[in-house]
4 protein chains.
Amino acid sequence: MAIILGDNQYGKAENRVVRIVRDTARHEIHDLNVTTAMRGPFGPAYLVGDQTNVLPTDTQKNTAFAYAKSVGIESIEKYGLALARHFVGDVEPIVGARIEIEEFAWTRAVIDGVEHDHTWTRSGTETRTAAITVDASGEYVIGGFKDLVILKSTGSEFAGFLEDEYTTLAETHDRVMATSLVAKWRFASVDVDWNATYSKVKQIMIREFATLQSLALQQTLWHMGRAVVDEIPEIVEVRLSAPNKHHFVVDLSPFGLENPGEVFIASDRPYGLIEAQVLDGTAPPAGESWRFSAGLA
Amino acid sequence: MAIILGDNQYGKAENRVVRIVRDTARHEIHDLNVTTAMRGPFGPAYLVGDQTNVLPTDTQKNTAFAYAKSVGIESIEKYGLALARHFVGDVEPIVGARIEIEEFAWTRAVIDGVEHDHTWTRSGTETRTAAITVDASGEYVIGGFKDLVILKSTGSEFAGFLEDEYTTLAETHDRVMATSLVAKWRFASVDVDWNATYSKVKQIMIREFATLQSLALQQTLWHMGRAVVDEIPEIVEVRLSAPNKHHFVVDLSPFGLENPGEVFIASDRPYGLIEAQVLDGTAPPAGESWRFSAGLA
Amino acid sequence: MAIILGDNQYGKAENRVVRIVRDTARHEIHDLNVTTAMRGPFGPAYLVGDQTNVLPTDTQKNTAFAYAKSVGIESIEKYGLALARHFVGDVEPIVGARIEIEEFAWTRAVIDGVEHDHTWTRSGTETRTAAITVDASGEYVIGGFKDLVILKSTGSEFAGFLEDEYTTLAETHDRVMATSLVAKWRFASVDVDWNATYSKVKQIMIREFATLQSLALQQTLWHMGRAVVDEIPEIVEVRLSAPNKHHFVVDLSPFGLENPGEVFIASDRPYGLIEAQVLDGTAPPAGESWRFSAGLA
Amino acid sequence: MAIILGDNQYGKAENRVVRIVRDTARHEIHDLNVTTAMRGPFGPAYLVGDQTNVLPTDTQKNTAFAYAKSVGIESIEKYGLALARHFVGDVEPIVGARIEIEEFAWTRAVIDGVEHDHTWTRSGTETRTAAITVDASGEYVIGGFKDLVILKSTGSEFAGFLEDEYTTLAETHDRVMATSLVAKWRFASVDVDWNATYSKVKQIMIREFATLQSLALQQTLWHMGRAVVDEIPEIVEVRLSAPNKHHFVVDLSPFGLENPGEVFIASDRPYGLIEAQVLDGTAPPAGESWRFSAGLA
């Protein structure tokens, strides 16, 4: 038996970078959580503790903050690409870099009907995400969001399913459907209007969720993914992970009350979990796009 | 020594009540987390395990869901008052009831420019709260919100403070000020337009946070509380708890970069914590309003 | 109407102080979360932004770390008393200080049967707590823990309860009882063997939970509190807050299986919540002991 | 362009199964969080909402609870294998099943020196995990734990690292090293003494963490993984993900105090994150072992 070191990466996780643009009295804010990871010839660090090739995670942190100033944050995808290109291009032993970014949304405060120049409140529940990988094989960008909490109070059914000896569920043709959606999408190019595309993806997904008469959460996910790939040429693949956040109709009959889909208990656990990938069958290979973590997935 | 039972209460915490109003095709949603607590002659339950006077917490849960149907949820204050009055008025041994409610906000989805009839996304980070107490001494309503995350990128100073031998902080006349505000306000009446008042309180607080040139978070809190008590006659007291969520300017000078208030690191812990009460000096006594929890506060 | 500033306090929350004692090769670790709060003549800071009397929260943080070195951390109660006495005694405008501390438990690693000198793993789920208040009226110490998760698989009943038109619960004479206990206890003195007393309180509470044939969680809490006040002379009051973490028997009869108390689903929400105070009727008044937070409780 | 459905799976997540063994007065407890996922011909459910092949997630939940009774829970690996074999073997359209399980640890209460028959407290911070996959290609078992929080107060260095223009970190030859370890290990067989092996892996990892004079967290991880693969024949691969939970030495010199590695501030974010795989170079291929989630990794 020969014991060997396999895949590995290291970096600085969750750098909370906040960038204020104050060139005019009307400020802008970018509020990020940035994680960097390096890939390269790090075997000696593991095997004998030799750090010769190891750029400290503290240096990676410094770089993330310095780039927030020198390059700026027009979009998280563009900023992430700049960081990844720097690590691979400018720091000699590094052969691959993966940058994962979350962006928290803020809404400008409105005072007496006027947008305020330098005050915001945090908005929404969803967090925009990006994962950028650069190595000798190319440049890969994944966009996404997580925790988009969405609910429809009708227009959802679940019936005609497989039954076995452990099945007790009743069919339904009108239920609440709710999820906290995680979506990731793969770009075929790095020449994209990142911010406009993000808005469009979100808009398409909400539209499909709302308007489809859903026979299953699976069907809804397919329609969401399919529409995005269909309508946005730069996106060739969508991955979706959707908890089915159950809202159970409460039985009020012991109290002499009818409950035609009006009173529900929102349940925490367990929940259904549906995961799927939708892709353009003619898309180029994904390469390093989806290798999120060297060690554990 | 005589060991005695002191204050006590019991109830059902965190009933996740979701109410859909579907009288027309345009549905409405109310998404609540309801906690009930009973006060009364429960000594025998503690001392000898005699449940004669104990309305099960399961029954309290059933009641919360039944009232969501029979009474409805026009506002959390009104629904909470109905529940509290029921427990005290209709269930013989109960002498006091406290109902604490959180309401999660949803925003109607907009599809092709039109508001959708039955689809929503969760909005904002703040949660509206209410605490209603009813007993023989009267009826008390506390309104509030928690987790209103708000930030201003300028218009905040901190200087001229007390120094001792442990002081190393530098003065500043331009900093980021951010908090995740918890606010509670006491009503002098139960005859209030609850939903309109909630919107107005939130609007006033954001206005004061944004427009005051702040010399300290303390001063900002005072202005927020004072304006609410001043402008809304039904509110006679405001309590505020505000973490000072530090955003530290990052020193970019080792990298040849200036940083005139543009790049910050958002820090998790420790944080400042400022708490204050603002009240109308002529207000009636608070009575049972603020006794949140029998055991621990 | 005269709008006035009421109760207020401010400080630095959640200073993560880790103290290693390395006087010998066998190190010791103290891992704390320290929150400081000052009370005094801070009206000008709120009303006009005048910081003359305001010791910065940053200075409070520095002091907490400096005292971890100069005074050390023999127990969190003793360290907290030293901090509170310093703020009130040494810093002129401060008239009251409240120090709240959490301590995280670590267990020494055992390697080949021998305790290791300088390696530990985090142990248990419960966190030891203390709240110390010093002002002109005296010195007050509250000990405690939170999140002590404890379960018994039999020896718990619930029957004979009050029923009304919303009651559907069945009686039971054998159920799982589980809680995540929060306990706080008031000392009548500041001359106490703090660490030994903490161990003894925990031991007594677990003993009472385990050995009482419980007719209600209320009864169990009473026995836990009563035994502590009875057996530990320095403790004159105990406050308990106990979620009733429901474990529901799963109905396996549709699958031809009996389930005599063997398979349960652990439920998240809602949960019962029982809160009570047990005290020595001859105890001195609590004074400032329980005033946890100026603004919100 | 032809848009197609790619990888997909669905199931019921986080079934909180609690199993009490009460064959004798001395009860046993198994406290699990069980997630099931099915793979198979589910295209019609996505594309046209046809559920003919879809075993409801509710049925999967029922099965998990029924198996806790009928098969029992000797170890999470054995119970998970039974569940996975059932879904693939007994339910016609299902072609693959993945079962992920977390087990929460409980310690028997000791009352007056004697272990109690039916009372426990939750112990430790680490959660044991397993992931079992069964399909036509074979049976795959991954063991593991997460959140093993471990710290050493000396015996850790970091020096000799790569420097670039963004490097400001100083070298150190004595620091605190702490992590919250996630580990997963692949078994080459399903004929294993699962519980004994789990204890042994944990023991080996703690031993290596404690006793190695560490030149980098990377080196520590390598030694932990290597020792497990070396000493336990059934394990052919280990994957480790280790946050470097920074403990920064606090500068007490402004207060006239020395701090030779005694007072630290524990930092939340950012943190280093080191991930690595260690494997037996002669091991059989991993097959489906590591495909955790169809959609997102």
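The values are calculated or read from the model by the stated rules, or taken from the named source; none is laboratory data. These figures come from a predicted structure and were not determined experimentally. Cβ: placed from backbone, ideal geometry, glycine included. Neighbour counts: every protein chain shown.
Brief remarks on what is shown
- Residue list for the stretch C:157-178, filter: in contact (Cβ under 8 Å) with a residue 60 or more places away in the chain and within 26 Å of residue B:63 (Cβ to Cβ): C:175, C:176, C:177, C:178
- Count of the stretch D:160-182 residues which are within 8 Å of another protein chain (Cβ to nearest Cβ) and either surrounded by fewer than 13 Cβ atoms within 10 Å (Cβ to Cβ) or β-branched (Val, Ile, Thr) (or both): 5
- For residue D:54, the conditions (1) crowded, with 17+ Cβ neighbours inside 10 Å; (2) in contact with a helix residue (DSSP H, G or I) (Cβ under 8 Å, 6 or more places away or on another chain); (3) more than 10 Å from chain A (Cβ to nearest Cβ) are fulfilled apart from (3).
- Qualifying positions in the stretch A:206-245 - farther than 21 Å from residue A:161 by Cβ, out of contact with any His (no Cβ under 9 Å at 6 or more places or on another chain) and among the β-branched types (Val, Ile, Thr): A:228, A:229, A:232, A:235, A:236, A:238
- Yes/no for residue B:141 being in contact with a helix residue (DSSP H, G or I) (Cβ under 7 Å, 6 or more places away or on another chain), touching a residue at least 40 places away in the same chain (Cβ under 8 Å), surrounded by fewer than 23 Cβ atoms within 10 Å (Cβ to Cβ) and not in a helix (DSSP H, G or I): no
- All of (1) in the same structural domain as residue A:93 (by TED's automatic domain parsing); (2) in a strand (DSSP E or B); (3) in contact (Cβ under 8 Å) with a residue 12 or more places away in the chain hold for residue A:181 with one exception: (1).
- Residue in the stretch A:19-34 that is assigned by TED's automatic domain parsing to the domain that holds residue A:123, within 19 Å of the chain's Cα centre (by Cα) and surrounded by fewer than 22 Cβ atoms within 10 Å (Cβ to Cβ) present: yes
- Only one entry in C:189, C:199, C:153, C:137 is among the polar types (S, T, N, Q), facing another protein chain (nearest Cβ under 9 Å) and within 26 Å of the chain's Cα centre (by Cα), namely C:153.
- Residue in the stretch B:276-285 that is at the interface with another protein chain (Cβ under 7 Å from one of its Cβ atoms), touching a Lys or Arg at 6+ places or on another chain (Cβ under 9 Å) and assigned to a loop (DSSP other than H, G, I, E, B) present: no
- Boolean, residue B:180 is more than 21 Å from residue B:283 (Cα to Cα), of a type in the set (Ser, Thr, Tyr) and touching a Lys or Arg at 6+ places or on another chain (Cβ under 8 Å): yes
- Residues considered: D:37, D:68, D:82, D:64. Of these, the only one that is free of Cβ contacts under 8 Å to residues at least 24 places away in the same chain and within 16 Å of residue D:101 (Cα to Cα) is D:82.
- Some residue of the stretch A:194-214 being in a strand (DSSP E or B) and either at pLDDT below 95 or not β-branched (Val, Ile, Thr) (or both): yes
- Every residue from the stretch D:40-61 that is part of a helix (DSSP H, G or I) and under 22 Å from residue D:135 (Cβ atoms): D:43, D:44, D:45, D:46, D:57, D:59, D:60, D:61
- Considering the stretch D:227-266, the residues that are part of a loop (DSSP other than H, G, I, E, B) and of a type in the set (Val, Ile, Thr) include one that is farthest from the chain's Cα centre (by Cα), namely D:250.
- The C-beta contact set for the stretch C:195-214 (first residue small (Gly, Ala, Ser), second residue assigned to a helix (DSSP H, G or I), distance under 6 angstrom, 6+ apart or interchain) comprises C:214/C:220.
- Pair list, Cβ < 6 Å and 6+ apart or interchain, from the stretch A:45-56 residues that are without any contact (Cβ under 8 Å) to a residue 40 or more places away in the chain to residues that are part of a helix (DSSP H, G or I): A:45/D:218; A:49/D:219; A:50/A:44; A:51/A:45
Listed here are the residues, each with its yes/no results for (1) of a type outside the set (S, T, N, Q); (2) buried (at least 17 other Cβ atoms within 10 Å of the Cβ); (3) more than 7 Å from every other protein chain (Cβ to nearest Cβ).
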site	(1), (2), (3)
A:5	yes, yes, no
A:16	yes, yes, no
A:38	yes, yes, yes
A:43	yes, no, yes
A:49	yes, yes, no
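- Output for the stretch A:225-264, where each listed residue is buried (at least 19 other Cβ atoms within 10 Å of the Cβ), β-branched (Val, Ile, Thr) and closer than 21 Å to residue B:23 by Cα: A:250, A:263
- Being at pLDDT 95 or above, of a type in the set (Lys, Arg) and under 30 Å from residue D:25 (Cβ atoms) holds for only one residue in D:85, D:108, and it is D:108.
- Qualifying residue in the stretch D:212-224 (condition: buried (at least 23 other Cβ atoms within 10 Å of the Cβ), more than 10 Å from chain A (Cβ to nearest Cβ) and touching a Ser or Thr at 6+ places or on another chain (Cβ under 9 Å)): no
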